[in-house]
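Peer 1: What follows is a structure written as structure tokens; I'll ask about it next.
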Amino acid sequence: MADPFAEKRRWMVERQLRPRGIRDEAVLRAMDRVPRELFVEEGLRDSSYVDGPLPIGCGQTISQPFIVAYMTEALELSGRESVLEIGTGSGYQAAVLAETAARVYTVEVIPGLGAAARVLLEEKLGYRNVFFKVGRGQEGWTEHAPFDRILLTAAPAAFPPGLFGQLAEGGIALAPVGVDGQRLVRYHKQDGVVASDERIGVIFVPLV
Ligand code: SAH
């Protein structure tokens, strides 16, 4: 039987993401492949392709599809990168990164969420290039550093300075930053120096 969600996914890509300016074909392909309905609470599956955030339990949310696509595109991935994600949540963003980068190291502070995401990505979806850790994301993951890309999906008041030390030369980091009103900030490390530029306004849960 045809997957009833495949059509909803196609609609999301063609009617929401492309018209709103997502251009990177690898990102659009990833959004078309990852079954978002499996990352939300069971009763919400029918709404899983509406362009908005949804609850995933423990008071946390899965980001809206456009923001996931926008952030993944802003990471300028070639497919060869090692990526650190802070804030595993449901694991949806990690799955999109698994489709567009070489390896994904994802850190979550709430043990139940980290464990559930691991079961879904490894056992149910069969990803072999995503590695999970429960802990405080501010500390990064020194054993696997440096990372070509670092993505925060929870908002700090200011980018955790220690994480810049785990960003590879030429690397890009992206984070929602701010307390009252957040902006997505993109950082680029060149010759050991980090330059930043602000992108769109966003709403993420705070980094705790
Ligand atoms: N990327 C997720 C959505 C992020 S929700 C997805 O695709 O579903 C933000 C997540 O960041 C929450 O799960 C929250 O528990 C987690 N978080 C908050 N502070 C954190 C910290 N200091 N270290 C790691 N994870 C953190």
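Peer 1: Could you go through region 61-79 and let me know if any residue there is more than 23 Å from Q182 (Cα to Cα) and open to solvent by less than 20 Å² (accessible area, probe 1.4 Å).
Peer 2: No, region 61-79 contains no residue that is more than 23 Å from Q182 (Cα to Cα) and open to solvent by less than 20 Å² (accessible area, probe 1.4 Å).
Peer 1: Do you know which of the residues in region 123-140 that are within 17 Å of the chain's Cα centre (by Cα) and either among the polar types (S, T, N, Q) or part of a helix (DSSP H, G or I) (or both) is nearest to E108 (Cα to Cα)?
Peer 2: The selected residue is G137.
Peer 1: For K133, all conditions in the list (1) farther than 25 Å from V13 by Cβ; (2) near the ligand (Cβ under 8 Å from one of its atoms) hold save one; what is the number of the exception?
Peer 2: With respect to (1) farther than 25 Å from V13 by Cβ; (2) near the ligand (Cβ under 8 Å from one of its atoms), K133 is out only on (2).
Peer 1: Of the residues that sit in region 46-87 and are charged (D, E, K, R) and within 15 Å of the ligand (Cβ to nearest atom), which one is nearest to Y187 (Cα to Cα)?
Peer 2: Within region 46-87, the match that is nearest to Y187 (Cα to Cα) is E85.
Peer 1: Another one. Give just the number: which of (1) more than 16 Å from the chain's Cα centre (by Cα); (2) closer than 15 Å to L84 by Cα; (3) within 14 Å of the ligand (Cβ to nearest atom); (4) part of a helix (DSSP H, G or I) does E143 not satisfy?
Peer 2: (3)
Peer 1: Out of L97, L174, L113, which single residue is in a helix (DSSP H, G or I), closer than 18 Å to T72 by Cβ and either modelled with pLDDT of 95 or more or touching a Pro at 6+ places or on another chain (Cβ under 8 Å) (or both)?
Peer 2: Of L97, L174, L113, the one residue that is in a helix (DSSP H, G or I), closer than 18 Å to T72 by Cβ and either modelled with pLDDT of 95 or more or touching a Pro at 6+ places or on another chain (Cβ under 8 Å) (or both) is L97.
The values are calculated or read from the model by the stated rules, or taken from the named source; none is laboratory data. Not measured: the values here are computed from a predicted model. Virtual Cβ from ideal backbone geometry, glycine too; neighbours counted across all protein chains shown. For the accessible areas, the whole protein counts, side chains as well, though only heavy atoms, and no ligand, DNA or RNA atoms are used. Shrake-Rupley method; radii C 1.70, N 1.55, O 1.52, S 1.80 Å.
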